[in-house]
Amino acid sequence: MDQIEKKIIETIDQNREQIVAFGRDIWHHAELGYREFRTAGKFNELLKSLGMEVDEGLAITGAKGYLKPKGTAGPTVAVIGELDALPIANHKDTNPETGAAHCCGHHAQLTATIGAALALSVPEVKEALDGNVVFMSTPSEEFVDIDYKNGLRKEGKARYGGGKCELIRIGAFEDIDVALGHHSDTDTEHDAIIMNCSSNVFVNKTVKFKGRKAHAAGFPEKGVDALNAAELALHGIALQRESFRDEDTVRCHGYYLKGGDAVNIIADDVVLEYCVRAKTMEAVKDANAKVDRAFKAGALATGCGLEIETLPGYFSTQPCPDVSALQAALDAVGEERPLRVKEVPASEHITGSTDFGDVSAIMPLIQFYTTGLTGQLHNNNVEVVDEEIAYILPAKLFALTAYHLLKGDAAGARHLMEIYQPKLDRESYVEYMESMLGTIEMEMDPLPLLED
């Protein structure tokens, strides 16, 4: 371990109380995507207190804090934390004002970003970096609360449901060369995970069936049952599963937002939220077309009207061709205390999705997980049980990885930029996202009622 590594670790340890207090505060004040105003304010305030220039209000609540002046020579590394939480109203620490809880662990990720900022802003460390570091907060990673996000889109405030997607669209990643990402995990057998595998692409749908009310017992024949249309459509999706190739890891899943008004009234207004995932752009387009076809079939068979509003979700994560800077960071921390480290290699694939995948499509992304939480993520039983692993360890890994990328004329970052092959550039990325954004409509077409 060299002197700068020691200084980074020492600084984070010395600021442990402040870092942990930040994490606890964010945990107890969870906010939903594109509405994380208090969380964003806390993040921005701390960066400004370190003397950084901070660009605020990016994609509504996002921000970028610059360690050195903009335009500093050399590569720029982004240390990225997410602002939002999940709508889980029955967690013991749910924010009563928002109905949100950090059962995703984003509070730990944002806390780690702050911890890294404290360490890398020490003059001795800052001078050892031959490039710049941007501490970035990103809104709305959780693809939930779709009605609200569709409202933002129609108002022209945000076009995409994912915060990093929106930040790419507006050009906020244009001055960044390498991205560092983190996620919390509840794996009790490891402290840290090198997460370098691919993930699924997805699109999201709001599906509305329009029917005609009637008394469900007295005169059901006078109604047009929107619930039957939805049930038939879901059966059609299920029957098409055999057409999905195993290697494409297709997942189709959703739930009813509204299923009718009363048990004795034929449903005239049924709404579903649905998600279609697959391993590649090509596979998700194929699955998406089949799902749309099934929804149309349900409407056609019952005479219902139909509206399918599709939002592009997240891109597949592209494995990083060189994670040696992260490995060096793990080694440095491991000298202080042995770490239980797991590596998920590029040959593996997960069927979940993240908007870090979108970042990885346009620039190299080094991503790792740390534990310290128990329960099941996205469930009301998530708890922080080890603040050292949940908050302090990822702060050290963020800072040390950035240092290893930017030390020695930023040789690590330059090498990574040279060998990385982008999947898309910003223009083609936006073109793809726009191609998956749209609305399908079918008018009601019921048969005429029979007369006595």
- Query: Do the conditions hold for Gln18, that is, is it at negative phi and touching a residue at least 60 places away in the same chain (Cβ under 8 Å)?
  - Reply: yes
- Message: Looking only at region 312-329, filter to residues that are aliphatic (A, V, I, L, M) and within 23 Å of the chain's Cα centre (by Cα); which one of those is farthest from Ser199 (Cα to Cα)?
- Response: Leu326
- Kindly provide the set of residues from region 256-273 that are outside any loop (DSSP other than H, G, I, E, B) and open to solvent by less than 50 Å² (accessible area, probe 1.4 Å), ordered by number. Asp269, Val270, Val271, Leu272, Glu273
- Task: Could you please tell me which pairs satisfy a Cβ distance under 7 Å, a separation of 6+ or placement on different chains, a first residue in region 361-386 that is free of Cβ contacts under 8 Å to residues at least 40 places away in the same chain, and a second residue that is crowded, with 23+ Cβ neighbours inside 10 Å?
- Result: Glu383/Leu373; Val385/Gly372; Val385/Leu373; Asp386/Gly372
- Item | Options Ile26, Ile4, Ile80, Ile19; residue that is under 18 Å from Thr113 (Cβ atoms) and over 21 Å from the mean Cα position of the chain (by Cα) | Ile19
- Among residues belonging to region 57-72 that are at negative phi and outside any loop (DSSP other than H, G, I, E, B), point out the one that is most open to solvent (accessible area, probe 1.4 Å). Leu58
- Task: Could you check, for region 241-255, whether at least one of its residues is of a type in the set (Gly, Ala, Ser), open to solvent by less than 40 Å² (accessible area, probe 1.4 Å) and either free of Cβ contacts under 8 Å to residues at least 60 places away in the same chain or in a helix (DSSP H, G or I) (or both)?
- Result: no
- Enumeration of residues in region 414-445 that are of a type in the set (Asp, Glu) and more than 23 Å from Thr280 (Cα to Cα): Glu418, Glu441, Glu443, Asp445
- Residue that is farthest from Glu82 (Cα to Cα) [pool: residues in region 347-381 that are at pLDDT 95 or above, in contact with a Gly (Cβ under 7 Å, 6 or more places away or on another chain) and among the polar types (S, T, N, Q)]: Asn381
- Task: Please verify whether region 276-283 includes one or more residues that are in contact with a His (Cβ under 8 Å, 6 or more places away or on another chain), on the phi < 0 side of the Ramachandran plot and part of a helix (DSSP H, G or I).
- Result: no
- Quick one: in region 216-234, which of the residues that are open to solvent by 50 Å² or more (accessible area, probe 1.4 Å), touching a residue at least 12 places away in the same chain (Cβ under 8 Å) and not charged (D, E, K, R) is nearest to Asp261 (Cα to Cα)? Leu227
- Task: Scan region 73-94 and give yes if some residue there is within 27 Å of Asn132 (Cβ to Cβ) and open to solvent by 30 Å² or more (accessible area, probe 1.4 Å), otherwise no.
- Result: yes
- Taking region 231-288 only, how many residues are out of contact with any helix residue (DSSP H, G or I) (no Cβ under 7 Å at 6 or more places or on another chain), farther than 26 Å from Ala346 by Cβ and of a type in the set (Gly, Ala, Ser)? 3
- Within region 110-151, tally of residues that are open to solvent by less than 10 Å² (accessible area, probe 1.4 Å), in a helix (DSSP H, G or I) and at pLDDT 95 or above: 11
- Query: Which ones in region 70-85 are over 20 Å from Gln367 (Cβ atoms) and touching a residue at least 60 places away in the same chain (Cβ under 8 Å)?
  - Reply: Lys70, Thr72, Gly74
- Message: Just to be sure I understand, how many residues within region 428-452 are open to solvent by 100 Å² or more (accessible area, probe 1.4 Å) and either part of a helix (DSSP H, G or I) or closer than 27 Å to Ala299 by Cβ (or both)?
- Response: 8
- Message: Testing His107 on (1) part of a helix (DSSP H, G or I); (2) modelled with pLDDT under 95, one condition comes back false. Which one is that?
- Response: (2)
- Expected output for region 132-161 (first residue farther than 24 Å from Glu53 by Cα and in contact (Cβ under 8 Å) with a residue 60 or more places away in the chain, partner crowded, with 24+ Cβ neighbours inside 10 Å and β-branched (Val, Ile, Thr), Cβ below 9 Å, 6+ apart or cross-chain) is Glu141/Thr354; Tyr160/Ile168
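The values are calculated or read from the model by the stated rules, or taken from the named source; none is laboratory data. These figures come from a predicted structure and were not determined experimentally. Methodologically, a virtual Cβ is constructed for each residue, glycine included, from the backbone with ideal geometry; neighbour enumeration extends over all protein chains shown. These accessible areas exclude ligands, DNA and RNA; they are computed on the full protein's heavy atoms, side chains included. Shrake-Rupley method; radii C 1.70, N 1.55, O 1.52, S 1.80 Å.
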